[in-house]
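The values are calculated or read from the model by the stated rules, or taken from the named source; none is laboratory data. In this text, all values refer to a predicted model and were calculated from it rather than measured experimentally. Every residue, glycine as well, gets a Cβ built from its backbone with ideal geometry; the counts of neighbours run over all protein chains shown. Please note that ligands, DNA and RNA were not included when accessible areas were found on the heavy atoms of the full protein model with its side chains. Shrake-Rupley method; radii C 1.70, N 1.55, O 1.52, S 1.80 Å.
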Amino acid sequence: MSQIARNLEEVQARLTAAARRGGRDPAAVKLVAVSKTVDVGRIQEALAAGQKIFGENYLQEARTKIAALGAGPSWHFIGHLQTNKARAAVELFQLIHSVDRLHLAQALEKAAARLDKVQEILVQVNLAGEASKSGAPPEAVPELYRAIAGLPHLRVVGLMTMPPWFDDPEVVRPYFRALRELRDRLRQLDLGPLPELSMGMSGDFEAAVEEGATLVRVGTAIFGQR
Ligand SMILES: *Cc1c(COP(=O)(O)O)cnc(C)c1O
């Protein structure tokens with residue numbers, strides 16, 4: 001068994017255990033293998049081991065890999081997205097995790113309309129107000145969500161966050177909880193069920209799963225240090 005296959009098996013086992021601890025169905029949690037900077041050969045190893053969803057941060061890099069590997073796996077965009085790259089993003093990705101402003105949503109709407117596609121997206125939330133990170137401030141999210149929900153070629157299926165980085169997952173846990181609570185408040189707007197919560201990375205995905213993550217974005221623990 002390859003190292004990547006072993007890592008995937010271990011991450012999946014930890015994810016299953018965390019779901020059970022949180023009283024959740026492990027099948028409700030999907031593992032997004034973050035493959036930024038990882039070459040096609042190593043992604044192929046993950047594919048051969050049964051991994052089905054890959055997350056990419058850079059459009060140019062993703063385009064090359066998707067051309068090589070095809071649309072068999074599901075490709076998710078998790079990086080910062082510039083408005084002028086909206087069309088490429090809609091062409092390439094099944095789910096875009098990082099929609100954080102109306103202007104970007106409108107560009108995606110236009111691109112999706114042209115391609116006759118309904119694009120699934122997540123609204124990215126910047127819970128700690130970190131200037132270095134993308135994401136809408138939580139207080140702006142209801143209005144942003146309401147506006148995006150009115151765009152016919154976009155479907156908001158949930159929220160994504162990238163909390164401040166801490167060694168200790170227990171320090172990050174309140175951010176995961178806050179994202180879930182924000183999602184629960186948005187549900188009261190009756191604009192859709194918002195099933196997905198994209199949260200948790202290599203260092204803290206177990207806490208995220210315990211708090212309700214449905215998509216965890218794990219790179220290093222699968223592919224090793226970048
Ligand atoms: C790189 C990246 C990850 C994965 O981080 P690891 O610590 O390597 O698991 C997850 N989410 C986003 C948005 C990233 O850019």
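Look at the dipole of the chain built from charges on Cβ: of 154, 186, 43, the Cα furthest out on the positive end belongs to 154.
Summary of the geometry: segment 159-203 and segment 209-226, compared by the centres of their Cα atoms, lie 14 Å apart.
Residues in the chain average 46 Å² of solvent-accessible surface per residue, probe 1.4 Å, ligands and nucleic acids excluded.
Run the helix sum for the chain: -39,500 (n - 2.57) per DSSP H stretch of 4+ residues, divided by residue count, reported at 222 nm to the nearest 500 deg cm²/dmol. Helix contribution divided over all residues of the chain: -13000 deg cm²/dmol.
In 5 Å bins starting at 0, how do the alpha-carbon pair distances of segment 20-123 split up by percent? Calculated P(r), rounded to whole percents: 2, 12, 23, 21, 17, 13, 8, 4, 0. Measuring only protein heavy atoms, the 1.4 Å probe finds residue 145 accessible over about 10 Å². For segment 3-223, the equivalent ellipsoid derived from the alpha-carbon gyration tensor has semi-axes of 25, 23, 15 Å in decreasing order. Checking the cross-link filter: which aspartates and glutamates have an alpha carbon closer than 12 Å to that of residue 36, excluding same-chain neighbours under 8 positions apart? Once the sequence-local aspartates and glutamates are set aside, what remains near residue 36 is 56, 61.
With all protein chains in place and a 1.4 Å probe, the accessible surface of the chain carries 51 percent carbon and sulfur. A Cβ-based charge dipole, computed about the Cα centre of segment 47-179 with Lys and Arg at +1 and Asp and Glu at -1, lands at about 460 debye. Across the alpha-carbon set of segment 83-183, the Rg to Rh ratio works out to 1.01, Rh being the Kirkwood radius.
Under the convention that each Lys and Arg Cβ holds +1 and each Asp and Glu Cβ holds -1, the size of the dipole of the chain around its Cα centre is about 480 debye.
Which value in Å does the Kirkwood hydrodynamic radius of segment 120-226 take, with 1/r averaged over all unlike C-alpha pairs and then inverted?
14.2
Pairwise Cα separations in segment 112-170 fall into 10 Å bins from 0 onward with the following percentages, short to long: 21, 41, 26, 10, 1. Working note: Karplus 6.51/-1.76/1.60 with θ = phi - 60° gives segment 154-162 the couplings 10, 10, 7, 10, x, 10, 10, 9, 10 Hz, where Gly and Pro are set to x.
Any of 30/65; 65/110; 30/117; 85/110 with alpha carbons more than 18 Å apart? Name them for me. Result: 30/65; 65/110; 30/117 exceed 18 Å. Between residue 20 and residue 116, the contour length at 0.36 nm per residue exceeds the Cα-Cα span by 30.6 nm. Each peptide in 16-24, 67-75 was scored by the mean count of other Cβ atoms within 10 Å over its residues; highest first, the order is 16-24, 67-75.
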